[in-house]
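Below is one structure, written out as structure tokens; comments come after it.
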Amino acid sequence: STSYFVTPLIAATTAVAWGWRSSFVLLAIPVMIFGILFYFLLKRYIVTGKSGDRVISADVKTPAESHRVRGLISVLVVSNISMATICSVISFMPLYAVDQLGFSKEAAAALVAFAYVSGFWAHPLGGYLSDRFGRVPVILGACFTAGPVIYMFGFASQGLGISTLLLIIGTLLFVRMPAAESYVVTHTSERRRSFMLGIYFFGNVEGIGLITPVLGYLIDHIGFSPSFSIASATLVLVSIIGAVLLRGSRY
């Protein structure tokens, strides 16, 4: 979450000082350095690290196979669509802020930091709520709430209005993550956990790649507010379907 928060601020600041190309060059340098350091750290761990005893949570009850598969598919679909929809909406916030709210380009570029700063508190909060009330209620609650918040972006104002909505939508985005990932791990057999997590993250990234151009097409043809309404309705509908398929399930 730190990198998501800091990077837009660095990019906007360097763009003002030295131009937009400088942002790409300067941000590429620490990424390259980190990549090299990370490679050697992992290599050292693989050579010298020792595997500890595997611990399987005793309080997780494995459901029947058919219910487990249905639950996994439901959580993956709901979680991935919500992630892709929210991130796609956030990606258009700079354009929306410039075209509709009168922000400068530099201020609009830094605006998305409001969404990602939420990760500082939303990730641990999501984990706590997941342990306290169950993974499924947290996932569905975040997805349901995100729909109306996306709708409200169409009525946002400059200043506190859009900043507050970005903080809320970022919180909902990050609160869902620990619950969803924990659900995938605990409802998958040990030898398939990495594969299922791979599908989960693949769906997140590729979902953004699919929904973002669709949302952009809608914005070009019908405007921001109607497009946000469609995204909101889609997310609520998917959440309702997920709630029906996951009824009776808590963890």
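Worth a mention:
- Pairs are defined by a Cβ separation below 6 Å, a sequence spacing of at least 6 or placement on different chains, a first member in region 81-107 that is acidic (Asp, Glu), and a second member that is open to solvent by less than 60 Å² (accessible area, probe 1.4 Å); the pairs so defined are 106/12.
- Filter result for residue 171 (open to solvent by 40 Å² or more (accessible area, probe 1.4 Å) and under 20 Å from residue 122 (Cα atoms)): no
- Selection of region 130-148 for residues being over 15 Å from the mean Cα position of the chain (by Cα) and buried (at least 20 other Cβ atoms within 10 Å of the Cβ) yields 130, 135, 136.
- Candidates are the residues of region 105-120 that are open to solvent by less than 60 Å² (accessible area, probe 1.4 Å) and of a type outside the set (A, V, I, L, M, F, W, C); the one that is modelled with the lowest pLDDT is 119.
Yes or no, residue by residue, for (1) assigned to a helix (DSSP H, G or I); (2) modelled with pLDDT of 80 or more; (3) open to solvent by 50 Å² or more (accessible area, probe 1.4 Å):
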site: 53; (1), (2), (3): no, no, yes
site: 61; (1), (2), (3): no, no, yes
site: 68; (1), (2), (3): yes, no, no
site: 80; (1), (2), (3): yes, yes, no
site: 87; (1), (2), (3): yes, yes, no
site: 122; (1), (2), (3): yes, yes, no
site: 125; (1), (2), (3): yes, yes, yes
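- Test: residue 201 is of a type in the set (A, V, I, L, M, F, W, C), assigned to a helix (DSSP H, G or I) and surrounded by fewer than 16 Cβ atoms within 10 Å (Cβ to Cβ): yes
- Tally of residues being buried (at least 19 other Cβ atoms within 10 Å of the Cβ) and either over 21 Å from the mean Cα position of the chain (by Cα) or touching a residue at least 24 places away in the same chain (Cβ under 8 Å) (or both) across region 225-237: 4
- Among all residues of region 156-168, there is none that is surrounded by 17 or more Cβ atoms within 10 Å (Cβ to Cβ) and in contact with a Gly (Cβ under 6 Å, 6 or more places away or on another chain).
- Matching residues in region 96-106 - criterion: being farther than 11 Å from residue 15 by Cβ and in a helix (DSSP H, G or I): 96, 97, 98, 99, 100, 101
- Positions within region 151-182 being under 22 Å from residue 107 (Cβ atoms), in contact (Cβ under 8 Å) with a residue 12 or more places away in the chain, in a helix (DSSP H, G or I) and more than 12 Å from the chain's Cα centre (by Cα), in sequence order: 152, 153, 154, 155, 162, 163, 165, 166, 167, 168
- Some residue of region 183-199 being out of contact with any strand residue (DSSP E or B) (no Cβ under 6 Å at 6 or more places or on another chain), of a type in the set (A, V, I, L, M) and closer than 22 Å to residue 114 by Cα: no
The values are calculated or read from the model by the stated rules, or taken from the named source; none is laboratory data. Note that the coordinates shown come from a computational prediction; the quantities given were computed from them, not determined experimentally. Cβ sites come from the backbone with ideal geometry, for glycine too, and all protein chains shown count toward neighbours. The accessibility values were calculated without ligands, DNA or RNA, using every heavy atom of the protein model including side chains. Shrake-Rupley method; radii C 1.70, N 1.55, O 1.52, S 1.80 Å.
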